[in-house]
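Participant: Shown below is the structure under consideration.
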Amino acid sequence: MSEKIKTLYSPLSETKYELGPDKDGLVLALESSCDETACAVVKNGREVLSNIVASQIKTHQEFGGVVPEVAAREHLEAVNEVIAKALEEAKIKPAELTAVASTVGPGLVGSLLVGMNAAKALSIAFDKPFVGINHLHAHVCANYIDTGLEPPFIALLVSGGHTQIIKVTDYSDSEILGETIDDAAGEAFDKVARLLGLPYPGGPNLDKLADNGNPEAFHFTKAKVGEFDFSFSGLKTAVLMQIKKLNATGKKLPAEDIAASFRENITSVLAQKTKNAAEKFGIKTVVLAGGVAANSEIRRKIKDFENDGYRVYIPQMKYCTDNAAMIGACAYFHSDVYTSEGQEVFSRAE
Ligand code: KG4
Ligand code: ZN
């Protein structure tokens, strides 16, 4: 059982602060793990006073994906402005803060360094404690925003790099029940989008295309893996084979139908295994998290659990894909955080 309340000390005067459920806490949070530079101010883990996101989509579109070195440089250019905007919009003074938080991993190291060092610099400038956050914990914590959600719950975490079913027993106590053994859900969406010739970012574009297609047009097989594990690389290959077969006919590719059938396949596997986990452990609350939680079909399928008596939490779209509000929520609720200086921070968060 981990401690719910974190005791933190400011770097210069070593003033004591406390952060955690039922405490008053105001967090300035940064996120820069991939291609979004974001800063937010979050009160008591649930109330977002500001949420600024500078997206690098236009830059990476040229390359068809995120180029790490380019991403790091763009973070550097954007970071000061997003911090200034977040502070201004929240209408708070640095003196009112309880802590400054930032993602410390997992993510692109060059990108992480920018947000983390900016947060550490602010921590010193404002004389407020620094809190390092695990990006995956933060995605799940997005569900605390604007809600009264409390553990226990089952979380389906679906992002560009991870796919996990998690049993969350308390704010900082959880167990990964299963995860992907190859591609992450977001990665599968992005790869299939590329096969269909859709521009980066693939996931949202495929989602839109699928809305106009027939989900029953093609039946791709579902991988047989562990009870709560996933495998999507075979599905991606099956789509590729189907595309090749159709192209050989010389007819126009029914891209909408392929997109809809793929989306149906992957979201039904995700939803079914999440339901199985909730049933097995008798947990009646289910939450959705991560960039793929922005997918319209997985939102529908998880929301549908309500018809079977489940309480369902799905973050607003802006809190699904990468943002700093979720970092602020996590800094408040989670006690498995990194609080001092040093580079070992990366290995800890992986
Ligand atoms: O959580 P996130 O913003 O970044 C990571 O932590 O990875 O997730 C990004 C992933 C990308 O793979 C993106 O294509 C996917 O989320 N994604 C979607 C949708 N919106 C974002 N996938 C399917 N449908 C969407 N609407
Ligand atoms: Zn993410």
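We did not get these values from a lab; they are worked out from the coordinates using the rules stated. The model shown is predicted, which means the values in this text are computed figures rather than measured ones. Cβ coordinates were reconstructed from backbone atoms using ideal geometry, including for glycine residues, and neighbour counts include every protein chain displayed.
Participant: Check LYS93, LYS85 and return the single one that is surrounded by fewer than 20 Cβ atoms within 10 Å (Cβ to Cβ) and touching a Cys at 6+ places or on another chain (Cβ under 9 Å).
Facilitator: Working: LYS93 fails: touching a Cys at 6+ places or on another chain (Cβ under 9 Å).
Among LYS93, LYS85, only LYS85 is surrounded by fewer than 20 Cβ atoms within 10 Å (Cβ to Cβ) and touching a Cys at 6+ places or on another chain (Cβ under 9 Å).
Participant: Tell me which of these ASN205 doesn't satisfy, since it passes every other one: (1) buried (at least 21 other Cβ atoms within 10 Å of the Cβ); (2) among the polar types (S, T, N, Q); (3) within 23 Å of GLY65 (Cα to Cα).
Facilitator: Result: ASN205 fails condition (1) only.
Participant: Does VAL109 qualify as being more than 30 Å from ALA210 (Cα to Cα), buried (at least 21 other Cβ atoms within 10 Å of the Cβ), more than 14 Å from ligand 1 (Cβ to nearest atom) and touching a residue at least 24 places away in the same chain (Cβ under 8 Å)?
Facilitator: No; evaluated as a whole, the condition is false for this residue.
Participant: Here's something else I'd like to know. Just to confirm my filter: which strands (runs of 3 or more DSSP E) fall fully inside the stretch 125-201 and include at least 1 residues that are touching a Cys at 6+ places or on another chain (Cβ under 7 Å)?
Facilitator: The qualifying strands (runs of 3 or more DSSP E) are 130-134.
Residue-by-condition table, conditions (1) in contact with a Lys or Arg (Cβ under 8 Å, 6 or more places away or on another chain); (2) assigned to a helix (DSSP H, G or I):
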site	(1), (2)
CYS39	yes, no
LYS58	no, yes
GLY64	yes, no
GLU81	no, yes
LEU122	yes, yes
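One line per residue, one yes/no per condition, for (1) out of contact with any Leu (no Cβ under 7 Å at 6 or more places or on another chain); (2) closer than 26 Å to GLU18 by Cβ; (3) of a type in the set (A, V, I, L, M, F, W, C):
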residue: GLU77; (1), (2), (3): yes, no, no
residue: ILE92; (1), (2), (3): no, yes, yes
residue: ALA99; (1), (2), (3): no, yes, yes
residue: VAL104; (1), (2), (3): no, yes, yes
residue: VAL114; (1), (2), (3): no, no, yes
residue: CYS141; (1), (2), (3): yes, yes, yes
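Participant: ILE176 passes all but one of (1) in contact (Cβ under 8 Å) with a residue 60 or more places away in the chain; (2) within 21 Å of ALA278 (Cβ to Cβ); (3) more than 7 Å from ligand 1 (Cβ to nearest atom); which number fails?
Facilitator: (1)
Participant: Okay, moving on. Yes or no: GLY25 of a type outside the set (A, V, I, L, M, F, W, C) and at positive phi?
Facilitator: no
Participant: Quick one: how many residues across the stretch 268-313 are more than 21 Å from VAL192 (Cα to Cα), under 18 Å from the mean Cα position of the chain (by Cα) and more than 16 Å from ligand 2 (Cβ to nearest atom)?
Facilitator: 5
Participant: Given (1) within 16 Å of ligand 2 (Cβ to nearest atom); (2) within 30 Å of ILE283 (Cβ to Cβ); (3) not aromatic (Phe, Trp, Tyr), identify the lone condition not met by LYS224.
Facilitator: Of the numbered conditions (1) within 16 Å of ligand 2 (Cβ to nearest atom); (2) within 30 Å of ILE283 (Cβ to Cβ); (3) not aromatic (Phe, Trp, Tyr), the odd one out for LYS224 is (1).
Participant: Residues PHE153, PHE189, PHE130: which one is away from ligand 1 (no atom under 16 Å from the Cβ) and in contact with a helix residue (DSSP H, G or I) (Cβ under 7 Å, 6 or more places away or on another chain)?
Facilitator: Result of the check over PHE153, PHE189, PHE130: PHE130.
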